[in-house]
Amino acid sequence: MDVAYWNHVAEQYDSEIFSVLAHDEHDLIRTRIQKFASVTKTASDLGCGIGKFLPILSQNFRHVYAYDIAEKCLEQARENCADLSNVDYIRSDLSIREIIMSKVDFILCVNSIIMPSMSKRSRYFTSISNHLNDGGHLLLVVPSFESATYSSIRLIEWNQRRGLSYGAAVMAVWNGNNKQKPSHLQQGIVNIDHIPTKHYVKEELCALFQDLNFDLHEIRKIEYDWKTEFSNPPKWMKEPYPWDWLVTAQKRQNK
């Protein structure tokens, strides 16, 4: 997932990219944005895409910075949010180099730190820490590795119910994932539409924020319908549902 990829999908963003906002049926993200909101504070959307969260941020903060790796995504965001006067749009890849960024009080980052490269993810998290004021809050959404594994287990079960032997059911999932690399799975990297995508386990997130000098306030599930995972899922496939991890954390004050 590089600049060329995101520029390519920009025009078909709604059909190509999963919308967390549209599928967050309990408004978990919106309510947390409102919890940390203030008309005197500033915010950033890191990996803003075509700007789906910008109206919410604009309504709740004095000024908003919208960062994205792809200029074409930013062009779409500018068009979609043309009536928002307190948003600046900035093209930058936060995973490859440190840049000068205005300090903010709140950061929203939804499914942006999903590149397979550990060094790029590390630089991205460092950029978040450098960008956030002491005492500021981060709202992070990332794919769940536990959910991806669970979805594969349910798909194996579905294949068996359709008459496949257990071995054939397992191989069908394996082949459907483009023969996922074992070395990737060890790192929590799962193919999504044949694109290697970093997923996180809960304990990994806990350890990560300890190292970043953040106080972790919350890790909880944003649950989605099975239709977000499979086309025409069977009626018997009900809860537990697949999910992303929603994280809220606060940068510690320097003593």
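Which count do you get for residues in region 114-156 that are aliphatic (A, V, I, L, M) and either touching a His at 6+ places or on another chain (Cβ under 6 Å) or closer than 18 Å to R220 by Cβ (or both)? Final tally of qualifying residues: 6.
Please go through region 82-112 and give me each residue that is crowded, with 17+ Cβ neighbours inside 10 Å and in contact with a Ser or Thr (Cβ under 8 Å, 6 or more places away or on another chain), ordered by number. Once the filter is applied, which keeps residues that are crowded, with 17+ Cβ neighbours inside 10 Å and in contact with a Ser or Thr (Cβ under 8 Å, 6 or more places away or on another chain), region 82-112 yields L84, V87, L94, S95, M101, V104, D105, F106, I107, L108. Note on region 21-66: residues that are in contact with a Ser or Thr (Cβ under 8 Å, 6 or more places away or on another chain), more than 24 Å from F125 (Cβ to Cβ) and in a strand (DSSP E or B) amount to 1. Out of the residues in region 133-157 that are in contact with a strand residue (DSSP E or B) (Cβ under 7 Å, 6 or more places away or on another chain) and assigned to a helix (DSSP H, G or I), which is nearest to G176 (Cα to Cα)? By that ranking, first place goes to A148. Kindly establish whether E229 is acidic (D, E) and at pLDDT 95 or above. Here the answer is no, as E229 does not meet what is asked. Of everything listed in (1) farther than 30 Å from L132 by Cβ; (2) exposed (fewer than 15 other Cβ atoms within 10 Å of the Cβ), the single unmet condition for L155 is (2).
The values are calculated or read from the model by the stated rules, or taken from the named source; none is laboratory data. If you're wondering where the values come from, they're calculated on a predicted model, not measured in any experiment. Glycine also receives a Cβ, built like all others from the backbone with ideal geometry; neighbour counts cover every protein chain displayed.
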